[in-house]
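The values are calculated or read from the model by the stated rules, or taken from the named source; none is laboratory data. Treat the numbers as computed from the prediction; the structure is a model and nothing was measured. Cβ placement follows ideal geometry from the backbone for every residue including glycine, while neighbour counts extend to all protein chains displayed.
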Amino acid sequence: MEATHAIAAGMGGVRTAGDLVLRVQLAKKLRINEAKQYVADKLGVSITELCDVITMTDLRERYGFGLPHYEPDASVNIGMEAKFRIAEKLGIRINSVEKFKELAGTAV
């Protein structure tokens, strides 16, 4: 966990796509470069753009993935709603999302 955290933080974490790459890396048991390519493909950007703060801020706002900072006029989703959107867009299973669905009685 320490190594994957260091890699995600090195990409900028939630400021860019580090958290998304880390989630995919762990969920799909991919190596870092494979996970980066997977996320880039799902988001429709290049691997280089995954590390660009401006590009990823725009994408995070568009897809409702949440931001690490407060944007007064942004309609950015946070918390569980952001996790639901991340799981759906990346096609991965997030434990807290599945547990929420189970408790809400909406699990399929």
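At pLDDT below 95, part of a helix (DSSP H, G or I), polar (S, T, N, Q) and surrounded by 16 or more Cβ atoms within 10 Å (Cβ to Cβ), is that true of Q25? Show your work before the answer.
Numbers: at pLDDT below 95: yes; part of a helix (DSSP H, G or I): yes; polar (S, T, N, Q): yes; surrounded by 16 or more Cβ atoms within 10 Å (Cβ to Cβ): yes.
Answer is yes for this residue.
Return the residue satisfying two criteria in turn: it lies in region 65-108 and is among the small types (G, A, S), buried (at least 17 other Cβ atoms within 10 Å of the Cβ) and in contact with a helix residue (DSSP H, G or I) (Cβ under 7 Å, 6 or more places away or on another chain), and of such residues it is modelled with the lowest pLDDT.
First, pick out the residues of region 65-108 that are among the small types (G, A, S): 66, 74-75, 79, 82, 87, 91, 96, 104-105, 107.
Within this subset, residues satisfying the condition of being buried (at least 17 other Cβ atoms within 10 Å of the Cβ) are 66, 82, 87.
Add one more test, that the residue is in contact with a helix residue (DSSP H, G or I) (Cβ under 7 Å, 6 or more places away or on another chain), and what stays is 66, 87.
Values: G66: 81, A87: 95.
So the residue we want is G66.
Is there a residue in region 9-20 that is in a helix (DSSP H, G or I) and modelled with pLDDT of 90 or more? Explain how you work it out, then say what you get.
Initial filter on region 9-20 (in a helix (DSSP H, G or I)): 9-10, 13-15, 18-20.
Those left that are additionally modelled with pLDDT of 90 or more: 20.
The answer is yes; a qualifying residue exists.
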